[in-house]
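Quick note: the coordinates plus some simple rules give every number you see, no bench work behind them. Quick caveat: nothing in here was measured; it's all calculated off a predicted structure. Backbone-built Cβ (ideal geometry, glycine too); neighbour counts: all protein chains shown.
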Amino acid sequence: MVTTIRAAAVADLTRVAEIEQASFGATAFPCAVFRQHLDLSGDLFTVAEDTPGVVGFLLAARSVAPEVAWLLDMAVDRSFRARGIARGLLTHTVDRCRSLGVVRLRGTVDPDNVPSQRALHAIGFAEVAFDAAYFGSGGPRRILELDLR
Ligand SMILES: CC(C)(COP(=O)(O)OP(=O)(O)OC[C@H]1O[C@@H](n2cnc3c(N)ncnc32)[C@H](O)[C@@H]1OP(=O)(O)O)[C@@H](O)C(=O)NCCC(=O)NCCS
């Protein structure tokens, strides 16, 4: 089966939360957060589906400033990594944001998270700021942005 990217649905959330837990451990979002984001983010919350079902997801949301959207979370099942699934999710989100009139798509990454930074840089994101205490002490983040104009 070719991997399909589509909007997330309630039935996907248990699997999304499993991939989240396996990827982030103690700092994983609980399933309830995903349920609420389903209502908030609409089709900016996407999943990648392959033969066994959902194998990855990307959660984005529009800011109160309508020209800005944020990538909030993304993860791919370990056994499906390095196959272009994050690239597919990101490309889909970029296209959808552009069609919504979003001008700047932003995301934050842990400076130690090389795969995530590579995935974002590969589709054109550039670092615009660094915040040593984005998540409080011990929570540094690079802030990346993609200009959609
Ligand atoms: C980050 C993550 C989502 C990437 O998913 P993926 O499906 O394996 O990524 P892709 O195969 O689409 O690769 C996208 C790009 O990133 C690069 N990349 C991905 N994993 C990499 C790694 N381990 N080392 C170096 N580069 C890597 C690829 O080379 C690729 O570049 P290209 O398209 O120019 O070839 C995945 O590693 C993951 O789920 N990590 C744990 C959760 C996480 O850290 N999420 C991001 C923070 S919110």
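The table below lists the values:
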read-out: Any pair with Cβ under 8 angstrom, 6 or more apart, that starts in the range 83-96 at a residue that is without any contact (Cβ under 8 Å) to a residue 60 or more places away in the chain and ends at one that is crowded, with 20+ Cβ neighbours inside 10 Å and part of a helix (DSSP H, G or I); value: 86/119; 87/119; 90/119; 90/120; 93/44; 96/44
read-out: Elements of type helices (runs of 4 or more DSSP H) contained in the range 1-114, each with 1 or more residues being closer than 21 Å to residue 128 by Cα, within 11 Å of the ligand (Cβ to nearest atom) and of a type in the set (Val, Ile, Thr); value: 85-100
read-out: Selected residue (only one of 108, 91 is within 23 Å of residue 30 (Cα to Cα), within 14 Å of the chain's Cα centre (by Cα) and either surrounded by fewer than 15 Cβ atoms within 10 Å (Cβ to Cβ) or hydroxyl-bearing (Ser, Thr, Tyr) (or both)); value: 108
read-out: Residue in the range 29-41 that is among the basic types (Lys, Arg) and either under 21 Å from residue 146 (Cβ atoms) or free of Cβ contacts under 8 Å to residues at least 40 places away in the same chain (or both) present; value: yes
read-out: Selection status of residue 124, assigned to a loop (DSSP other than H, G, I, E, B), within 16 Å of the ligand (Cβ to nearest atom), without any contact (Cβ under 8 Å) to a residue 12 or more places away in the chain and closer than 27 Å to residue 78 by Cβ; value: no
